[in-house]
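Written out below as structure tokens is the structure these notes cover.
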Amino acid sequence: MPDTVASLIRRAAAQLSLRGIETAALDARLLLQSSAGMGHADVVAEPDLILASPTVNAFWSLVERRCAFEPVSRILGTREFYGRAFHVTPEVLDPRADTETLITAAVPLGRGKSPFRILDLGTGSGALAVTLLAELPEASAVATDVSEPAIAIAKANAEALHVSERLALVKTSWFAGLSGRFDLIVSNPPYIPTADISDLSPDVRDYDPRGALDGGADGLHAYRQIAAGVAGFLAAESHILLEIGAGQELAVQGLFEARGLVLKQQFRDLGGHIRVLSFNLPR
């Protein structure tokens, strides 16, 4: 069988399906496009194109990595988030579609407002801060992370998406060393209970950094730390938006209400789970 674009994608998809990978066809196509230097339109237009042996060998090498459950974003080094390509490495959490729920909730809060100051706690790849700056051209942001490699990756993504002049990156833990008040605070903190990490799918458990997943014994350790300090950084009529794990809404709500904040709104992800909570100070 000749190694055409279509046949390679079909055979690779079958192999990935046998490994239980639900996105087998999509993953096979993305890996083929990367190996062959083709775009989606090229794959559609030239299904019968026969590829050279070096390209074919490179493709099967990538497929083998995916069969070991390495995420496509890790293999290719990029992840699309809210319509933009973000550089990702093993040092940062792989941003997922559920987190786009937070962006959808946050953007209307800042649209048309200037100045509008954003604080992103635990920025990782910078997906939240960089996307918000790209969506809100009048906004500025501070983004923090305890990881030096994560800060470097966020900086590179900010530069690639042309928002670096409006973003200050700070290596710190949560609010330590920060000052001032913000119109919007966002965070996607680690929220997986420690005992549950071993049960996660291999592409998460084995490839996302443990520190970006592990939320402590009950999954709420980061929320306690954020709740303890957030009131001193919220401006009048500002909001804090937090991503949470499925079923954590009541526990997180209790932590923030105990610190004097008011639950403003809940936002559901595409799967119907409450994914983002919005709090503000009482008026």
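Once the Cα-Cα distance is subtracted from the 0.36 nm per residue extended length, the residue 218 to residue 40 segment shows a gain of 59.8 nm. Stokes-Einstein, applied to the Kirkwood radius of the chain over Cα pairs at a viscosity of 0.890 mPa s and 25 °C, places its translational diffusion at 122 µm² s⁻¹. Database remark: amide H of residue 169 closer than 5 angstrom to the amide H of 143 (H placed geometrically; neighbours at sequence offset of 5 or more, or on other chains; Pro and chain starts carry no H).
Legend: calculated FRET efficiency, residue 267 to residue 85, from the Cβ-Cβ distance at R0 = 22 Å, rounded to 0.05, equals 0.35. Candidates 6, 150, 230 compared by Cα position along the dipole of the chain: farthest toward the positive end lies 230, with charges placed on Cβ.
Its Cα gyration tensor gives region 1-151 an equivalent ellipsoid. The semi-axes, each the square root of 5 times an eigenvalue, are 37, 16, 13 Å from largest down.
The label-point distance for residue 76 and residue 14, in a model that sets each label 7 Å from Cα toward Cβ, rounds to 2.4 nm.
Each label point is 7 Å from the Cα along the Cα-to-Cβ direction; what then is the distance between the points at residue 159 and residue 67, in nm? Going by the 7 Å Cα→Cβ label model, 3.8 nm.
Result for the chain in a Gaussian network model with C-alpha springs under 10 Å: among 95, 108, 71, the largest mean-square fluctuation is at 108. Taken one residue at a time, the phi angles of region 97-111 give Karplus couplings (6.51, -1.76, 1.60, θ = phi - 60°) of 4, 4, 6, 4, 4, 5, 4, 4, 6, 7, 4, x, 5, x, 5 Hz. Gly and Pro are set to x. Placing +1 on the Cβ of every Lys and Arg and -1 on the Cβ of every Asp and Glu, with nothing else charged, gives region 135-206 a dipole about its Cα centre of roughly 300 debye. Under a model in which nothing but the beta-carbon of Lys, Arg (+1) and Asp, Glu (-1) is charged, the chain shows a dipole of about 560 debye around its Cα centre. Between residue 114 and residue 22, the distance separating the two model label sites (each 7 Å from Cα on the Cα→Cβ line) works out to 4.3 nm.
So if R0 is 30 Å, what FRET efficiency would residue 281 and residue 198 give, r being the distance between their Cβ atoms, rounded to the nearest 0.05? It comes to 0.15.
The separation of region 44-83 from region 189-255, counted between C-alpha centres, amounts to 33 Å.
Both radii come from the Cα set of region 93-178: Rg as radius of gyration, Rh as Kirkwood radius; their ratio Rg/Rh reads 0.94. Scalar couplings 3J(HN,Hα) for region 137-142, obtained by applying the Karplus form with A = 6.51, B = -1.76, C = 1.60 to θ = phi - 60°, are x, 8, 8, 10, 8, 10 Hz; x denotes Gly and Pro.
A short reminder: the numbers here are calculations on the coordinates, not readings from a lab. As the structure is a prediction and not an experimental result, all values here were calculated from the model. Reconstructed Cβ throughout: ideal geometry from the backbone, glycine too, with neighbour counts over all protein chains shown.
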